1. Within region B:26-42, how many residues are over 17 Å from A:GLU43 (Cα atoms) and surrounded by 20 or more Cβ atoms within 10 Å (Cβ to Cβ)?
2. Among (1) under 19 Å from the mean Cα position of the chain (by Cα); (2) crowded, with 18+ Cβ neighbours inside 10 Å; (3) not aromatic (Phe, Trp, Tyr), where does A:GLY77 come up short?
3. Quick check, is A:LYS28 at pLDDT below 95 and over 22 Å from A:THR87 (Cα atoms)?
4. Could you list, in sequence order, all residues of region C:38-81 that are polar (S, T, N, Q) and out of contact with any helix residue (DSSP H, G or I) (no Cβ under 6 Å at 6 or more places or on another chain)?
5. Against the conditions (1) assigned to a helix (DSSP H, G or I); (2) farther than 26 Å from B:THR52 by Cα, where does A:GLN30 fall short? Just the number, please.
6. Whether any residue in region A:75-84 is hydroxyl-bearing (Ser, Thr, Tyr), more than 7 Å from every other protein chain (Cβ to nearest Cβ), within 23 Å of B:ARG47 (Cβ to Cβ) and assigned to a helix (DSSP H, G or I) is what I want to check.
7. Inspect all residues belonging to region B:101-110 and state whether any of them is more than 22 Å from C:PHE18 (Cα to Cα) and not hydroxyl-bearing (Ser, Thr, Tyr).
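The values are calculated or read from the model by the stated rules, or taken from the named source; none is laboratory data. For clarity, every value in this text was computed on a predicted model and none was experimentally measured. Glycine gets a Cβ as well: all are built from the backbone with ideal geometry, and neighbour counts include every protein chain shown.
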Amino acid sequence: MEAVTIVTVLALMQFYWFGIEVGKMRAKHQCKAPAITGAPEFERMFRVQQNTMEQMVMFIPALWLFAELVNPLWAAGMGGVYLIGRTVYRVAYVKEPKGRSVGFMMTVLPTSVMLVWVLVVAVQKLI
Amino acid sequence: MEAVTIVTVLALMQFYWFGIEVGKMRAKHQCKAPAITGAPEFERMFRVQQNTMEQMVMFIPALWLFAELVNPLWAAGMGGVYLIGRTVYRVAYVKEPKGRSVGFMMTVLPTSVMLVWVLVVAVQKLI
Amino acid sequence: MEAVTIVTVLALMQFYWFGIEVGKMRAKHQCKAPAITGAPEFERMFRVQQNTMEQMVMFIPALWLFAELVNPLWAAGMGGVYLIGRTVYRVAYVKEPKGRSVGFMMTVLPTSVMLVWVLVVAVQKLI
C-alpha cells in the first residue's frame, strides 16, 4: 500500500499547491478576501482549485477501495494518470478555459473506472 | 463491509452525476467557465452540487467510522436514507430553493446520528 | 486509534457547525439561496466554511495516514492544533479578513508536517 499512500499524499500536495497559487493570484490582482470574482486569471485559478477539490474527494476514496478490493499497484497507476491529468488541466485552464477537456478527462476517467470496478466486485461479493 | 462499500460508491457516483448536470446546465444556458453565476436554473444546480460535496465529505468518514465502531449493516441503512435524501434535495431545489428542507434533513440526520454515536463510543473506549 | 477517531469527529462537527452559521447569516441578512454574495458578514462566514472544507479534506486523510505510519498520539496532538486553529480562524476572519493569518497557519502547519512526514516514511518503506 506504500505506492497508494504516496499517490494520496501527492494528490493532497497538488491541491495544496493550487491553493497557494490562488493566494498568489489574489495578491497579484488585488482581489481581497472574501471576494471570489475579479480578474479573469484569478477566477480561472480559483475554478481550477475548486474543481480539483471536487475531483479529489471522489478520487481518494475510489483509490483506496480499488487498492483494497482489486489491486494496489493498478490503483497507484491510475493515480499516476490522475496526477498528470490534473497538472495538464491546471496549465490549460488558466491559459484558456476551453482547452481544459483533455486534462479533465485524464482525471475523470481513472476515478470512473475504479468506481465502476469496485461496485461490480462489491456486488459480486455480497450476492 | 461490502454494503458500506456499495453505499460509498453510490454516494460518489451521485455527486459525479450532479457534476455532469452542472456541465449540461452550463451548455444549456451558455454560462461559460469560469463563471459561476448566470441563469437561475444553472445557479441552483451548481448549489445542489456544491452542497452535496459539503455533505458528502462529512458523510463518508462518518459512515466508515460508524461501520467500524458500531455496526456495518446499520451504517449501510443510514447510507440508504442519505442517498434517497440527496435525490429528493436535488429534485426539489432545482424546482424551487424553498422546497429543499426535507431532502436536506434526510441527508443531515443520518450523518449527525452517526457522528454523535461514534463520538460517544470512542470516548467510552478511551476512558 | 480512539483519540484519532475523536479528533476526526470533532473536525467534522466543527465544519458542520460552520455550515449552520452560514445558514443563520443567510436568514439574518436575507441572502436567499442560491445567492452566495450579499452582506459582507455573510460572505465572510461563507468563505470560512468553504476554506474549512478545503483544509478538512486534506487534514483527515493526512491525519489517518500519519496515525497509521508514524504515531496515533502525535496525530491526535496535531489534530488538537488544527481544531484550535480553525476556531481562531473563524473568529478572526468574520471580524476582519486581514486577521485570518494566525488561525490559517495553525491549520495549515499540522497538515503540512504530517503530509511531508508520511511521504518520507512511505518512500523509505517502498525503496
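1. 1
2. (2)
3. no
4. C:GLN50, C:ASN51, C:ASN71
5. Going through the list (1) assigned to a helix (DSSP H, G or I); (2) farther than 26 Å from B:THR52 by Cα, A:GLN30 breaks only (1).
6. no
7. No, region B:101-110 has no match at all.
Rundown of residues vs (1) more than 16 Å from the chain's Cα centre (by Cα); (2) at the interface with chain A (Cβ under 10 Å from one of its Cβ atoms); (3) part of a helix (DSSP H, G or I); (4) of a type in the set (Phe, Trp, Tyr), yes/no style:
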position: C:TYR16; (1), (2), (3), (4): no, no, yes, yes
position: C:ILE20; (1), (2), (3), (4): no, no, yes, no
position: C:LYS24; (1), (2), (3), (4): yes, no, yes, no
position: C:PRO34; (1), (2), (3), (4): yes, no, no, no
position: C:GLY38; (1), (2), (3), (4): yes, no, no, no
position: C:MET45; (1), (2), (3), (4): no, yes, yes, no
position: C:GLN55; (1), (2), (3), (4): no, yes, yes, no
